[in-house]
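Asks: Here it is: the structure, laid out below.
Read-outs: derived from the displayed coordinates by stated rules, not from any lab. Remember, predicted model here, so these are calculated numbers, not experimental data. For neighbour counting, all protein chains shown are included, and Cβ atoms are generated from backbone atoms with ideal geometry for every residue, glycine included.
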Amino acid sequence: MVALENLSKTFNSKTSVVEAVKNVSLRVEQGEIHGIIGLSGAGKSTLVRCINLLERPTSGKVFLDGEEITAMSNRELRLTRRKIGMIFQQFNLFASRAVWRNIAYPLWRGGLTKKQMADRARELLALVDLSDKENVYPSQLSGGQKQRVAIARALANNPRLLLCDEATSALDPQTTSSILELLKKLNKRLGLTTIVITHEMHVVKEICDRASVMENGEIVESGEVFSLFANPQRRVTQDFIETASNFSKINSMIDENHVITRLRPGERILKFRYMEKSEAEALVSAVSRRFNIDVNVIFANLEWVGDAPLGGIISVVSGDSRNIDEALLYLRDKHVGVEVILDNTRVSETNYA
Amino acid sequence: MPNVMSKPDILWRSMTDTLAMLGWSGSLSFLIGLILGVALIVTKKGGVMENGVLYQTLDKVINFFRSIPFIILLAGLIPLTRIMMGTAIGVRGAVVPLVFGATPFFARQIESALSELDGGVIEAAQSMGSSPLEIILRVYLKECIASIARATSIMTVTLIELTAMAGAVGAGGLGDFAIRYGHQRNQIDVTYVTVIILTLLVSVIQMTGTVIARKNTH
Ligand SMILES: Nc1ncnc2c1ncn2[C@@H]1O[C@H](COP(=O)(O)OP(=O)(O)O)[C@@H](O)[C@H]1O
Ligand SMILES: [Mg+2]
C-alpha cells in the first residue's frame, strides 16, 4: 500500500544542518493502522509530510499502491494528493467557510454541482457524527468537533490513505478517545489505511495494528503493537511504556522506605509482565492457590491490546521460598516475565534489582 | 457661506473630479497592489511559488517607490504621464502619479494582511491537491477578505490625501478648490465646506471597510 524506501530528509540552513529523517524504509499494508511514535523532534512529522510530498525528501522513494509518488509531475502529484487525506494537530480548517463548505473544498473541480457537493458534505458529516453543524463556522466548534470536520474534509474524495499528524494532541483525554474511536471506525468501515503520528503511547495502544518507534530521525523498532510493547528492545520504547504506567514509582517508594516496601523476611517485590499474547487468565489467584503463596498487588497496569492483556503487575510475594520459586517457573512457562525488584528471602544478602 | 453658494458649479465639478481621480487611481492601485502583494507572499521563502529572484526584485522596487515623497513623484512622473495619458494635468494626468504613490504602500499592506493567514491552512489546501493558483484564489484571497477590506479602506483614505496634493499641481478636485479659493482668496467658508466633504468621504470609506470586514469575520 505505502512503501518508503531509504527515505532521508535533511534541512540545511546557514547555521545548521538537521538530518530530520535518516534512511527510513517502511511498509504499511492495505487496511492497516500504523502508528509512528517518538519524542518531540524525532522526525515524525517530517516523515509523514514526505509521504504526500509536503516535504520533498532529500533522497529515497515513496510508493503508493506501487506508483512512485516521488517521480510524479506536479499535476500527477496533485491528483494523487486527492487520494491521500491528511489531518493535523491544529485542525487547519478554513475559518471563513462554514462547515459544509470546508468539507466541500476538495470537491471543487470534481465536476459536481453545488447541490451534489452539499449532499456529499452532509453524508460525510453524518459519517463523523456531526450532522447538525453543517452551517456553523469553525470558530463555533469545540476542538473535537473541529477535528471531526477536518476528518470529513480529508475523506471527501474517498482517499485510500489517511495521514494523521498528532491529530489528538490538542484534545483532552475524553475527546481524544472519541476521535480515536472514530478513526478506528473509519478504518473498519471504509478499509481506510491510516498512518498515525503521535508522541503518546496510549494512542498507539488504542488503535494501531502495527507501530514504528522513531528516534533521532530513524525508525529504531517496528512491529505488531503487542509484541512491540510486550517485548521492547530499545531504551526509547521502554521509556514510552514506562511513561504510560506508574511502575517507575516503585523505585522512589523503596528509596523513601515506604511502609509497603519494608519487607519482612521471606518476602519479595516482583514485577510480572506479559511477554507474549497469552490466554487472559487469572494469573494472580491461580498461582497463589496453586503454590500456596500470597500475592499482594501494589501496582497493576494492564491494558488490552486486541484480545490480549498487555502490561504487568508489581506485587509483594510472600510464602515458602521454594513455593515461590516454583510459582515463578510456572509463570515463565506461561510467558510471563518476572523481574525481582526487592528480595528479602536470604537475610544475609541485600537487595538486588 | 456666501463664497461657496456663489459657485456651486465649481464645487460640484471639484467633487466629481476628486471622485473620478479616486475611482480610477483607487481601482488601479487596488488591482496592481493586490497582484504585487500576492506575488510577494507566494514568492517569499516557503511560499507556494517560492522564487527568490522575483521576490527580491519586487521587494526592492516597492521599497524604492515607497521611499520617494509624493510631491517628488508628482514632478518626476510628468514625462511618463504625458506618454501614457497624453497630458500631465487634470484628472487624467493625476491618475499615474496617484497609482505610483498608492500602489507600493497597498502592496505592503496586502502582504502583511495575507501573512496573517496560518501556514497550516495553506498546507491543508496543498495536502488536498490544490494548485498554487487555486491556493491564491480560494485560500489566500478568500480567507483574508476582512483584512484586505481594512487595507483597502486605509489605502483609499491615503489616496484622498494624495488627490488633495495632486490638486495643488493642476489636477483639479477638492484640494485644488480649497487652495485656490479658501487659501489664496481667503474665502474661509470654502475651506470649511471642503474639509467637511472630505471628512464625510473618509467616514463613508472607513465604514464600508469596517462593514465588509465584519461581515467576513466568523
Ligand atoms: N522546515 C524545517 N527546517 C529546518 N528544520 C526543521 C524543519 N522542520 C523540522 N525541522 C527539524 O527536524 C527535526 C524533526 O522535526 P519534526 O519532524 O517536526 O519532529 P516531530 O514531529 O517528531 O516532533 C527537528 O529537529 C526540527 O527542528
Ligand atoms: Mg510533529
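Asks: Which value does Rg/Rh take for region A:42-133 over its C-alpha atoms, Rh per Kirkwood?
Replies: 1.03
Asks: Can you pull the three principal axis extents for the Cα set of region A:245-343, in Å, largest first?
Replies: Dimensions of region A:245-343 along the principal axes of its Cα atoms: 38, 30, 16 Å.
Asks: For region A:156-201 and region A:320-347, write down the distance between their C-alpha centroids in whole Å.
Replies: 41 Å
Asks: What are the ³J(HN,Hα) values, in whole Hz, obtained from phi via the Karplus relation 6.51 cos²θ - 1.76 cosθ + 1.60 with θ = phi - 60°, for each residue of region A:135-140 in sequence order, with x given for Gly and Pro?
Replies: 9, 7, 8, x, 4, 8
Asks: Just the projected area, averaged over all directions, of the convex hull on the alpha carbon atoms of region B:1-123: how many nm²? Each step should come with its number before you reach the end.
Replies: Details: hull surface 41.3 nm².
Here the figure is 10.3 nm², rounded to one decimal.
Asks: On to the next question. State, to one decimal in nm, how far the label point of B:Ile83 lies from the label point of A:Thr58, with both points 7 Å from Cα in the Cβ direction.
Replies: Those two pseudo-labels are separated by 4.9 nm.
Asks: Continuing with the same structure: Assuming R0 = 41 Å, what is the FRET efficiency of A:Asn158 and B:Phe65, from their Cβ-Cβ distance, to the nearest 0.05?
Replies: With R0 = 41 Å, the Cβ-Cβ based efficiency is 0.25.
Asks: Any idea how far apart A:Glu76 and A:Ser321 come out in nm if each label point goes 7 Å out from Cα toward Cβ?
Replies: It is 7.3 nm.
Asks: Quick one: check the C-alpha center-to-center distance for region B:76-142 versus region A:248-266, whole angstrom.
Replies: For region B:76-142 versus region A:248-266, the Cα centre distance is 72 Å.
Asks: What is the Cα coordinate range of region B:19-58 on the first, second and third principal axes, sorted by size from largest, in whole angstrom?
Replies: Extents along the principal axes: 40, 17, 8 Å.
Asks: For region B:84-94, in order, what is each residue's ³J(HN,Hα) by Karplus, 6.51 cos²θ - 1.76 cosθ + 1.60 with θ = phi - 60°, in whole Hz (x at glycine and Pro)?
Replies: 6, 10, x, 8, 10, 10, x, 4, 4, x, 7
Asks: Can you give the longest stretch of chain B with no exposed loop site, where a site means trypsin sites (Lys or Arg not before Pro) in a DSSP loop (not H, G, I, E or B) with at most 13 other C-beta atoms within 10 Å?
Replies: Between exposed loop sites, the widest span is B:46-184.
Asks: Please get the size of the charge dipole for the protein assembly as shown, origin at its Cα centre, with Cβ charges of +1 on Lys and Arg and -1 on Asp and Glu, quoted in debye to the nearest 20.
Replies: So the magnitude is around 2260 debye.
Asks: Could you tell me which residue out of A:Asn251, A:Ile37, B:Ser25 lies farthest along the dipole of the protein assembly as shown toward its positive end? Charges go on the beta carbon: Lys and Arg +1, Asp and Glu -1, centred on the Cα centre.
Replies: B:Ser25
Asks: Can you compute the label reach from A:Lys14? Point 7 Å from Cα along the Cβ direction, backbone N cut-off under 11 Å, restricted to region B:25-60.
Replies: none
Asks: Then there is this: Counting each pair of different Cα atoms once, what's the Kirkwood radius of region B:61-163 in Å, rounded to one decimal?
Replies: 15.6 Å
Asks: Normalise the Cα radius of gyration of chain A by 2.2 N^0.38 Å (N = residues in it) and let me know the number.
Replies: Cα-based Rg divided by the globular estimate yields 1.21.
Asks: Could I ask something else about it? Per residue of region A:86-96, in order, report the coupling 6.51 cos²θ - 1.76 cosθ + 1.60 (Karplus, θ = phi - 60°) as ³J(HN,Hα) in whole Hz, putting x for Gly and Pro.
Replies: 9, 10, 10, 4, 8, 6, 6, 7, 7, 5, 8
Asks: Let me ask you something else. Place a point 7 Å from Cα of B:Glu116 in the direction of its Cβ. Which residues in region B:21-50 have their backbone N less than 19 Å from it?
Replies: Once the point is set 7 Å along Cα→Cβ of B:Glu116, B:30, B:33-42 turn out to lie under 19 Å by backbone N, inside region B:21-50.
Asks: Give the longest segment of chain A that steers clear of GluC sites (Glu not before Pro) in DSSP loops with at most 11 neighbouring Cβ atoms within 10 Å, not counting the sites themselves. Could you put the intermediate results ahead of the total?
Replies: Numbers: sites that count: A:Glu256, A:Glu279, A:Glu281, A:Glu349.
Result for the longest clean stretch: A:1-255.
Asks: For chain A, which longest stretch is free of loop sites, where a loop site is one of the trypsin sites (Lys or Arg not before Pro) that DSSP puts outside H, G, I, E and B and that has at most 10 other Cβ atoms within 10 Å?
Replies: Result, exposed sites excluded: A:15-345.
Asks: Work out, in µm²/s and without decimals, the Stokes-Einstein translational diffusion coefficient of region B:174-218 at 10 °C, 1.306 mPa s, Rh from Kirkwood over C-alpha pairs.
Replies: 133 µm²/s
Asks: Another question about this same structure. May I have the extent of the alpha carbons of region A:88-216 along their three principal axes, as whole Å values ordered from largest to smallest?
Replies: Reported extents, whole Å, longest axis first: 46, 29, 27.
Asks: Considering the dipole of region A:220-345 built from charges on the beta carbon (Lys and Arg +1, Asp and Glu -1) around the Cα centre, which of A:Leu283, A:Phe272, A:Val340 is farthest to its positive end?
Replies: A:Val340
Asks: Rounded to the nearest whole Å³, what is the per residue volume of the convex hull around the Cα atoms of region A:6-55? Numbers along the way, then the final one.
Replies: Values: hull volume 4.2 nm³, N = 50.
Spelled out: Cα convex hull of region A:6-55, divided by residues, is 84 Å³.
Asks: Sticking with this one: Based on the Kirkwood radius over alpha-carbon pairs, what value in µm²/s does the Stokes-Einstein equation return for the translational diffusion coefficient of region B:2-215 at 10 °C and 1.306 mPa s? Mind dumping the intermediate values first?
Replies: Values: Rh = 18.7 Å.
Calculated translational D: 85 µm²/s.
Asks: Here's another thing I want to ask about it. So which of A:Lys184/A:Lys205; A:Lys61/B:Lys44; B:Lys45/B:Lys142; A:Lys22/A:Lys61; A:Lys14/A:Lys61; A:Lys9/A:Lys61 end up more than 18 Å apart, counting from Cα to Cα?
Replies: Working: A:Lys184/A:Lys205 12 Å; A:Lys61/B:Lys44 28 Å; B:Lys45/B:Lys142 22 Å; A:Lys22/A:Lys61 13 Å; A:Lys14/A:Lys61 27 Å; A:Lys9/A:Lys61 11 Å.
Among A:Lys184/A:Lys205; A:Lys61/B:Lys44; B:Lys45/B:Lys142; A:Lys22/A:Lys61; A:Lys14/A:Lys61; A:Lys9/A:Lys61, the Cα-Cα distance tops 18 Å for A:Lys61/B:Lys44; B:Lys45/B:Lys142; A:Lys14/A:Lys61.
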